[in-house]
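Structure first, then comments.
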Ligand code: SF4
């Protein structure tokens, strides 16, 4: 995501609770509970109930191994996440949503990639911090959560200091989020759909709005409804992303109203960068970019609803989606940027 703040970055009335890393359940209990869930996987609302520990696959087509596509300093996230050193982004393979238009479809629709152990992943987190990243940010962490949380504990014990960012599709289970309470500094969920039928059509889930709303409430309970920023860098809190889809402004407006039910102080990142992928080029709605008029309707609605902090994008012809078939998936990398881990 590349964007610019429309308003001040810290929401004045927002609430960021104190860090509470040591409260509630122990890390061992947490890791053990998440691991046990792999034997009858209910990590996400798909509730496949397959034994991934025995090599069986559910909707995400992942067994118990963690698989990553790449890990790199990401300079295209929202400014308080990317800062000058980049977000420490770790792209995990496959996804529990698999939206038909996914901008990362090359990795989200396939379980292919590099399997990593818990130890290796802890090393990758520490390496990203050593390279100057302002956080570690696993993308689509949910199906890999057991290993990620174990790796995070190891990395913390070895001195990892930067915030842990949970960058997810918003289709989460409250019960699972409670198991990671106190371990996540920043929640970065999508809120993709306000309308159930759009979630069903685009991601094959009938209950996206309800799940996303429940998840967001839990995220806000844990991390607050603002984004705490020091020296331009996000330290704690929640930032919600919404990708405006072509011909679906009503979906966006309903999503905004649902987010507003939780709090108007939640910082919102409204993205205009949607670009049709090959699979939907002939789709009657998804086959084109978003127009300036559509995007402005959504931004104006957010302002009318009283959202205090908005990150917005230009509506232009640039294609901002990455190409994971390239050695360097993002454009800034080909202009002398960064190396993959
Ligand atoms: S994480 Fe994968 S296997 Fe587990 S419930 Fe979700 S889609 Fe199914």
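The values are calculated or read from the model by the stated rules, or taken from the named source; none is laboratory data. Keep in mind that what you see is a predicted model, and the values were worked out from it rather than measured. Reconstructed Cβ throughout: ideal geometry from the backbone, glycine too, with neighbour counts over all protein chains shown.
Of everything listed in (1) within 26 Å of residue 313 (Cβ to Cβ); (2) modelled with pLDDT of 95 or more, the single unmet condition for residue 66 is (1). Checking residue 202 against (1) surrounded by 19 or more Cβ atoms within 10 Å (Cβ to Cβ); (2) within 29 Å of residue 226 (Cβ to Cβ), which test does it fail? So residue 202 meets the others, but not (2). Of all residues in segment 146-166, those being within 16 Å of the ligand (Cβ to nearest atom) and touching a strand residue (DSSP E or B) at 6+ places or on another chain (Cβ under 8 Å) number 3.
Suppose the filter is assigned to a strand (DSSP E or B) and more than 16 Å from residue 311 (Cβ to Cβ); does residue 236 pass it?
Yes; evaluated as a whole, the condition is true for this residue.
Among the conditions (1) in a loop (DSSP other than H, G, I, E, B); (2) surrounded by 21 or more Cβ atoms within 10 Å (Cβ to Cβ); (3) at pLDDT below 95, residue 45 misses just one, which is (3).
For segment 120-145, a tally of residues being within 16 Å of the ligand (Cβ to nearest atom) and either modelled with pLDDT under 95 or within 15 Å of residue 70 (Cα to Cα) (or both) returns 5.
Which ones in segment 161-208 are part of a helix (DSSP H, G or I), more than 30 Å from residue 133 (Cβ to Cβ) and under 16 Å from the mean Cα position of the chain (by Cα)? 208 - this is the single residue of segment 161-208 that is part of a helix (DSSP H, G or I), more than 30 Å from residue 133 (Cβ to Cβ) and under 16 Å from the mean Cα position of the chain (by Cα).
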